[in-house]
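Some notes on the structure that comes next.
The values are calculated or read from the model by the stated rules, or taken from the named source; none is laboratory data. This is a predicted model, so every value here is computed, not measured. A quick note on method: Cβ atoms are made from the backbone with ideal geometry, for glycine too, and the neighbour counts reach across all protein chains shown. We work out accessible area using only protein heavy atoms, side chains counted, and drop any ligands, DNA or RNA first. Shrake-Rupley method; radii C 1.70, N 1.55, O 1.52, S 1.80 Å.
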Amino acid sequence: MEYLESLNEPQREGVINTEGPCMIIAGAGSGKTRVLTFRIAHLMHSNGVDPFNIMALTFTNKAAKEMKERIEKVVGSDARNLWMGTFHSVFLRILRREADLLGYPSSFSVYDTDDSKTLLRQIIKELQLDDKVYKPNVVFNRISGAKNKLISWQEYVNNPQIRADDELAMRPRMGELYKTYSDRCFKASAMDFDDLLFNTNVLFRDHPEVLHKYQHRFRYILVDEYQDTNYSQYLITKKLAAVHQNICVVGDDAQSIYAFRGADIRNILNFEKDYPDLKVIRLEQNYRSTKVIVNAANSVIANNKAQLKKEVWTANDEGELIELLRANSDNEEARLVATSIFEQKLNHQIKNNEIAVLYRTNSQSRAIEEALRRSNIKYKIIGGLSFYQRKEIKDLLSYLRFVINQNDEQALRRIINLPKRGIGQGTIDKIVVAADQHQVSLWDVVSNVMRYLNGRITNTVDQFATMIKSFMAVVKKKDAYEAASYIAKHSGLLRELYEDKTIEGLNRYENVQELLNAIKEFVDNKEIEDKSLDTFLQEVALITSVDEDTDDDEEKVTLMTIHMAKGLEFKVVYLVGMEEDLFPSQMMLTSREDLEEERRLFYVAITRAKQKLFLSYANTRYRFGHLKSCEPSRFLDEVDPSCIKVNKKVSQPVEMPRQTSHYAKSLVSGMKKESKPAQNNMYTHKPSPDFAPSDTSNLKEGMRVEHPKFGFGKVVAMDVGGASRKAKVMFDNFGEKTLLLSFAKLKIHST
């Protein structure tokens, strides 16, 4: 039993205590996978348990594969007989064997998400429902949510509260869709992913002899990442373990971050209520991170009320302090991160693949990507496409491209029926044929459709052409941002995304808003003279037309959302966008439960770092086309101050926004004894009626001045050395600014 010698005392306890209900609370980086792996190996190697009597449930096929390989090294090829895999894969095996009891053949099909949504589109069309109201994505998520709560279509249509909710959402026929979808799946001898768990519960409920068979077969049940289980998964495992009660769940309530997918943290918090004789083992030694990072994570998660008691610690080195990067804008934040990454690589020989940049939402990647490109730092996006490759971004860019260049046939093909307006593939084929016959462009046919085609569809095509022509007129009169906003709105793209209230729909909407933010920043850039849409598209083309990277093994910095980072670790981690309403998300502030989930998400982000952690925020950020003043995240208050320091390399002083948290204020104290007025990014100065620039050749310290943009202020220092004269002015609403007097337009008001 050499494998036991490599374990610490709590880990060893988790391996050898195999009888009865057991909950292993595993803190971040505490080696839970080793414990789970060796526990199964111990059951087989030392206790002589037949692998056919062990069921081990994971959340990813990758995790199951790696664990099985590790077990095989200890016990040999017998490990291949374990019932180990994801919930869906394991219970699919059972359903194949018992399918006839549910009226299915054993060879039933399994629909993936795309299959399900395609079927729903057909049903919505057949029932003559408005697919802008009954969007396939929305309908799919509604049905999925019901199944995860074990609500059948019969219960759904007979539940007054559910019907009332659907009527309130202006989708009163949702129950009919659920019934029709279920019927069609059954007739096609098909189950979707949610059915695999739903029907397992039905099987065990309606056929007690089957439940009895599997209860006695699986003497030992182990569940990984138990904090991520939903109600359906909880009920299956509880039923299976009812006879022998040799159930072992491993998890960390502090890392429960998937409520939006149906995960219920109460499953792990209340586990002891189901098993009064429960043995609780706590893995509290962190092997991953430095003391500083572990202490910071502990100080944060301590603020949650709903949690299981544990005290995570580490014997690792103290490590470097967490650095806080403060920036004036999201673009400057991205530049600071890129610069810091370059320094980490240069000064500490950190490799690209040892670095991760984490963010709360996918839309935040845009500025980071651009900054890394400019710094020639290779990167990869995990769990999502590069910003400019996302469908919704390409959709809007195709509109913008075609309005500028009507010869762009690829763009026309993409947008002519987007959003859906009834111009199907058959009509597009007719347009292509007509263009070929008459040797004209596709746009020539579309813009003069009555001349080339006939039939009812010509009216729809003509309306599309009229819309494009109106966009062309707008582009000639408006700057890039005004034109792009107009096109996004009047094309119907924004409305379609806005009405999709699913997690995916909200992300897509935010991504399009982020593209509009980029265009707004382009327009607001004083260094760019031509503010036209054409010029912006040229810049975007330069960003996106990078050489294709064919070396898959090349080291790259990893960019991803925090949700995607769970289970991973990196030497250096950058957590960007630490601002109120962004992290924590504005949508997660309506209840304590939601806020505590956001805090757990922050905990997960902190504990991804092994050696060095950077936190960053911006004083201003473009949101929905407007430059917004940002307040540092409340979570920064919760990090133990002894674990964090302000990065002194910020290029210029950064004044805190108004209503800054007391902790963020404390970070500034000591950097400059003189108190500074807070920068007010929402303030717009209106110059005095008699404003005219004064002669500044005699400007002196102490004088009261007025700037056309920054308003009123006091000269606090003069720099007359070098080739040009400069003045440091403390403005009432914008803080301290250093101005070049040969260019600054200052009016002297008093001495």
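With the crude spin-label approximation of a point 7 Å out along Cα→Cβ, what separation in nm comes out for Tyr498 versus Lys728?
4.7
Per residue, how much accessible surface does the chain expose to a 1.4 Å probe? Answer in Å², no decimals.
Details: 35150 Å² over 751 residues.
Per-residue value: 47 Å².
Skipping prolines and chain starts, which residues have an amide H placed within reach, meaning under 5 Å, of the one on Lys279, given they are 5 or more residues away or on another chain?
Cys22, Met23
Is any residue of the range 74-97 close enough, with backbone N under 17 Å, to a label point placed 7 angstrom from the Cα of Ala306 along the Cα-Cβ axis, and if so, which?
none
With every protein chain kept in the model, how would you rank Met703, Met718 by accessible area, 1.4 Å probe, largest at the top?
Values: Met703 25, Met718 55 Å².
Putting Met703, Met718 in descending order of accessible area: Met718, Met703.
From the square roots a ≥ b ≥ c of the eigenvalues of the alpha-carbon gyration tensor of the range 98-163, which class results: rounded (a/c under 1.5), prolate (a/b over b/c), or oblate?
Working: a/c = 2.11, a/b = 1.27, b/c = 1.67.
Judged from the Cα gyration tensor, the range 98-163 comes out oblate (a/c at least 1.5, b/c at or above a/b).
Mind checking which helices in the chain clear 24 Å along their axis (Cα) and have mean Kyte-Doolittle hydropathy of 0.0 or more, DSSP H runs only? Write down the numbers at each step before the final one.
Numbers: long enough: 330-348 (26 Å, -0.78); 457-477 (31 Å, 0.45); 503-524 (31 Å, -0.37).
Length and hydropathy pass: 457-477.
Can you give the charge dipole size of the chain about its Cα centre, rounded to the nearest 20 debye, using +1 on the beta carbon of Lys and Arg and -1 on the beta carbon of Asp and Glu? List each step's numbers first, then the result.
Working: 107 positive and 104 negative charges, 232 e Å.
Roughly 1120 debye, rounded to the nearest 20.
Is the C-alpha gyration tensor of the range 134-291 telling us rounded, prolate or oblate? Criteria: a/c under 1.5 is rounded; beyond that, a/b larger than b/c is prolate, otherwise oblate.
Values: a/c = 2.48, a/b = 1.51, b/c = 1.64.
The shape class here is oblate.
Which percent of the accessible heavy-atom area of the chain goes to carbon and sulfur, probe 1.4 angstrom?
Working: 16940 of 35150 Å².
Ligands and nucleic acids excluded, carbon and sulfur give 48 percent.
Between Glu19 and Arg592, what is the label-to-label distance in nm when each label sits 7 Å out along the Cα-to-Cβ direction?
Simple spin-label model gives 4.1 nm for this pair.
Please report the relative contact order for the range 196-324, taking Cα pairs under 8 Å with a sequence separation of at least 6, and give it as a percent rounded to a whole number.
Values: 152 pairs, mean separation 27.0, N = 129.
About 21 percent, as a whole number.
Could you work out [θ]222 nm for the chain from helices alone, using -39500 (n - 2.57) per DSSP H run of at least four and dividing by all its residues? Round to the nearest 500 deg cm²/dmol.
On the way: 32 runs with 338 residues, N = 751.
About -13500 deg cm²/dmol.
Among residues other than Ile281 whose Cβ falls under 11 Å from its Cβ, what is the net charge (Lys/Arg +1, Asp/Glu -1)? Intermediate values should be presented prior to the final figure.
Details: positive: Arg12, Lys32, Arg39, Lys279, Arg282, Lys310; negative: Glu9, Glu13, Glu284.
Around Ile281, the charge tally is +3.
Scan the range 314-351 for GluC sites (Glu not before Pro) in coil per DSSP, keeping those whose Cβ has at most 10 other Cβ atoms within 10 Å, and list them by number.
On the way: sites: Glu318, Glu320, Glu323, Glu332, Glu333, Glu343; in loops: Glu318, Glu320.
Hits after loop and neighbour filter: Glu318.
Rounded, prolate or oblate: which fits the range 1-72, taking a ≥ b ≥ c as square roots of the Cα gyration tensor eigenvalues, rounded meaning a/c under 1.5, else prolate when a/b beats b/c?
On the way: a/c = 1.34, a/b = 1.04, b/c = 1.29.
It is rounded, given that a/c, with a ≥ b ≥ c, falls under 1.5.
How large is the charge dipole for the range 315-365, taken about the Cα centre, if only the Cβ atoms of Lys, Arg (+1) and Asp, Glu (-1) carry charge, to the nearest 20 debye? Provide the component values of the computation, followed by the final result.
Numbers: 5 positive and 9 negative charges, 52 e Å.
For the range 315-365, the charge dipole is close to 240 debye.
Using +1 at the Cβ of each Lys and Arg and -1 at the Cβ of each Asp and Glu in the chain, identify which of Cys248, Gly422, Leu92 lies farthest towards the dipole's positive end.
The one lying farthest along the dipole's positive direction is Gly422.
Can you list which of the chymotrypsin sites (Phe, Trp or Tyr not before Pro) found in the range 552-648 are DSSP loop residues with at most 16 other C-beta atoms within 10 Å? Present the calculation step by step, with values, prior to reporting the outcome.
Numbers: sites: Phe570, Tyr574, Phe602, Tyr603, Phe614, Tyr617, Tyr622, Phe624, Phe635; in loops: Phe624.
Those that pass, being in a loop and sparsely packed, are Phe624.
Return the distance in nm (one decimal) between the two label points of a simple spin-label model at Asp436 and His749, each offset 7 Å from Cα along Cα→Cβ.
Each label point is offset 7 Å from its Cα along the Cβ direction, giving 7.3 nm.
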